[in-house]
Amino acid sequence: MKLIDPITKFHAELQKIRRDIHAHPELSYEEQRTSDVVAQKLTEWGIPVVRGLGVTGVVGIIKNGSSPRAIGLRADMDALPMPELNTFQHASRHAGKMHACGHDGHTAMLLGAAHHLSQYRDFDGTVYVIFQPAEEGGRGAERMIRDGLFEKYPMDAVFGMHNWPGMKAGQFGVTPGPMMASSNEFEVIVKGKGSHAAQPHKSIDPVMTAVQIAQSWQTIVSRNANPNDPAVLSITQIHAGSATNVIPDDASLIGTVRTFSTPVLDLIERRMREIAEHTAAAFDAEVEFNFTRNYPPLINHAKETAFAVEVMQGVVGADNVDATVEPTMGAEDFAFMLQHKPGCYVFIGNGEGGHRDSGHGLGPCNLHNPSYDFNDDLLPLGATYWVRLAEAFLKPR
Ligand SMILES: [Zn+2]
Ligand SMILES: [Zn+2]
């Protein structure tokens with residue numbers, strides 16, 4: 001492994017920053033303290049800072065030489081609304097909030113890179129270090145884009161990184177094309193007519209209608225969608241009724257749809273609506289169809305992915321880079337950035353959890369688990385990757 005020496009010497013400081021952020025988790029668009037810490041550090045290191053894009057977002061601008069070329073490196077800062085089971089010293093001090101996705105580590109790794117880049121300036125052009133709010137469902141990346149991120153700070157490509165538990169520390173994973181799914185949610189309300197359960201002939205039974213719809217929806221992925229374009233349709237809640245002897249007025253079906261492409265998402269949404277409306281009509285019921293598209297699929301660009309692979313291989317060796325990692329049906333806000341700019345998003349192995357201090361919560365070290373903790377060993381590795389990526393992208397010509 002070829003870590004950058006001055007960054008390894010900065011490891012203790014980065015760990016201190018990471019653990020401080022971990023101890024003070026803040027939810028989407030509430031990252032006041034976290035963005036203060038980020039802005040303070042960047043300013044202390046002589047890096048010009050812009051605040052307020054995406055409410056609490058921070059952009060640091062590191063310029064060198066005269067090239068108009070520019071690269072964006074992005075980290076996320078928000079925590080999750082869940083309790084932490086860990087009891088070690090840097091465990092959450094804010095009840096019901098936790099850095100269970102490692103965004104504390106992402107922020108610290110990018111700070112480490114910014115520190116090095118500002119000190120050594122071995123590149124020609126501009127590096128934008130982007131600290132975004134609200135990755136966990138709040139569309140913070142989209143908000144920063146809407147606030148003019150790419151117009152005010154034109155960049156040729158943008159890169160993202162997420163820690164990946166289960167993958168060994170010291171390894172990277174990436175794949176060109178779709179790597180994470182679109183996430184979408186639906187709530188479909190079947191409106192019937194209630195009655196005494198002993199007089200079903202006086203009702204339009206929304207429960208039976210909802211069950212028929214739920215069953216039929218399961219044919220969309222298996223019969224309508226192209227099997228080469230994977231998709232998930234999960235009904236996660238069915239609500240109806242309040243008594244054993246009452247047929248209720250309505251029933252609701254709630255759940256999520258995940259896809260790796262927009263055409264298959266269009267198809268699923270259309271077929272869900274058709275099946276719901278026509279099935280309801282067949283039973284004399286009506287439906288209210290609500291379908292919300294949250295994050296689009298995350299699609300890595302081929303050229304930038306090949307470039308990132310080369311950089312990762314230079315740092316950890318070809319054996320430790322899985323360049324065709326299995327995509328995941330999880331979703332990621334960075335997808336919005338990749339809709340606007342070419343770029344690439346990679347996984348950095350977080351290990352199996354053996355890195356955790358005593359006092360961890362005994363549960364698995366998985367993302368969104370109350371016993372999770374970011375692996376501090378990654379701090380110099382992630383920072384080294386960022387620096388090498390920026391230096392290679394902005395190589396003096
Ligand atoms: Zn997460
Ligand atoms: Zn995350």
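The values are calculated or read from the model by the stated rules, or taken from the named source; none is laboratory data. Treat the numbers as computed from the prediction; the structure is a model and nothing was measured. As a convention, Cβ positions derive from the backbone with ideal geometry for all residues, glycine included, and neighbour counts pool all protein chains shown. Areas reflect the complete protein model, heavy atoms only, side chains present, ligands, DNA and RNA absent. Shrake-Rupley method; radii C 1.70, N 1.55, O 1.52, S 1.80 Å.
Residues in region 42-80 that are touching a helix residue (DSSP H, G or I) at 6+ places or on another chain (Cβ under 8 Å), crowded, with 22+ Cβ neighbours inside 10 Å and not in a loop (DSSP other than H, G, I, E, B): L42, V58, V59, G60, I62, I71, G72, L73, R74, A75, D76. So, in region 151-176, how many residues would count as being open to solvent by 20 Å² or more (accessible area, probe 1.4 Å) and more than 19 Å from the chain's Cα centre (by Cα)? Qualifying residue count, region 151-176: 8.
If you go through region 239-296 and keep only what is part of a strand (DSSP E or B), farther than 10 Å from I189 by Cβ and charged (D, E, K, R), you end up with R258, R293.
Can you give me the number of residues within region 381-397 that are at pLDDT 95 or above and not in a helix (DSSP H, G or I)?
Total satisfying the criteria: 2.
The numbered conditions (1) hydrophobic (A, V, I, L, M, F, W, C); (2) open to solvent by 80 Å² or more (accessible area, probe 1.4 Å); (3) in contact with a helix residue (DSSP H, G or I) (Cβ under 8 Å, 6 or more places away or on another chain) are all true for M208 except (3).
In the set (1) away from ligand 2 (no atom under 16 Å from the Cβ); (2) touching a Leu at 6+ places or on another chain (Cβ under 8 Å); (3) open to solvent by less than 10 Å² (accessible area, probe 1.4 Å), the condition left unmet by G102 is number (1).
Can you say whether L111 is open to solvent by less than 10 Å² (accessible area, probe 1.4 Å) and in a strand (DSSP E or B), as far as the supplied structure shows? Judged against the criteria, L111 is not a match. Among the residues of region 114-151, those that are closer than 27 Å to K16 by Cα and not in a helix (DSSP H, G or I) comprise R121, D122, V127, Y128, V129, I130, F131, Q132, P133, A134, E135, E136. Within region 112-143, the residues that satisfy the criterion of being within 24 Å of A100 (Cβ to Cβ) and either charged (D, E, K, R) or more than 16 Å from ligand 2 (Cβ to nearest atom) (or both) are G112, A113, V129, E135, E136, R139, E142, R143. Looking only at residues in region 352-380 that are small (G, A, S) and open to solvent by 50 Å² or more (accessible area, probe 1.4 Å), the one that is modelled with the lowest pLDDT is S358.
Just for region 113-152: of the residues that are within 16 Å of ligand 1 (Cβ to nearest atom) and in contact with a Gly (Cβ under 6 Å, 6 or more places away or on another chain), which one is farthest from A392 (Cα to Cα)? So, considering only residues that are within 16 Å of ligand 1 (Cβ to nearest atom) and in contact with a Gly (Cβ under 6 Å, 6 or more places away or on another chain), the one farthest from A392 (Cα to Cα) is A134. Condition check for A302 on (1) hydrophobic (A, V, I, L, M, F, W, C); (2) in contact (Cβ under 8 Å) with a residue 24 or more places away in the chain; (3) more than 16 Å from L389 (Cα to Cα); (4) surrounded by fewer than 17 Cβ atoms within 10 Å (Cβ to Cβ): one failure, at (3). Selection of first residues in region 1-29 that are at pLDDT below 95 and of second residues that are assigned to a helix (DSSP H, G or I) and not acidic (D, E), restricted to Cβ pairs under 7 Å at least 6 apart or on distinct chains, gives the following pairs, ordered by first then second residue: M1/V315; M1/V316. Residues that are under 19 Å from I299 (Cβ atoms) and surrounded by 16 or more Cβ atoms within 10 Å (Cβ to Cβ) within region 313-327 comprise D322, A323, V325, P327, listed in sequence order.
Strands (runs of 3 or more DSSP E) fully within region 155-224 that include at least 1 residues being more than 16 Å from ligand 1 (Cβ to nearest atom) and either without any contact (Cβ under 8 Å) to a residue 60 or more places away in the chain or in contact with a Leu (Cβ under 6 Å, 6 or more places away or on another chain) (or both): 157-165, 182-191.
Of all residues in region 123-150, those that are closer than 19 Å to P68 by Cβ, crowded, with 21+ Cβ neighbours inside 10 Å and either out of contact with any Asp or Glu (no Cβ under 6 Å at 6 or more places or on another chain) or not aromatic (F, W, Y) (or both) total 7.
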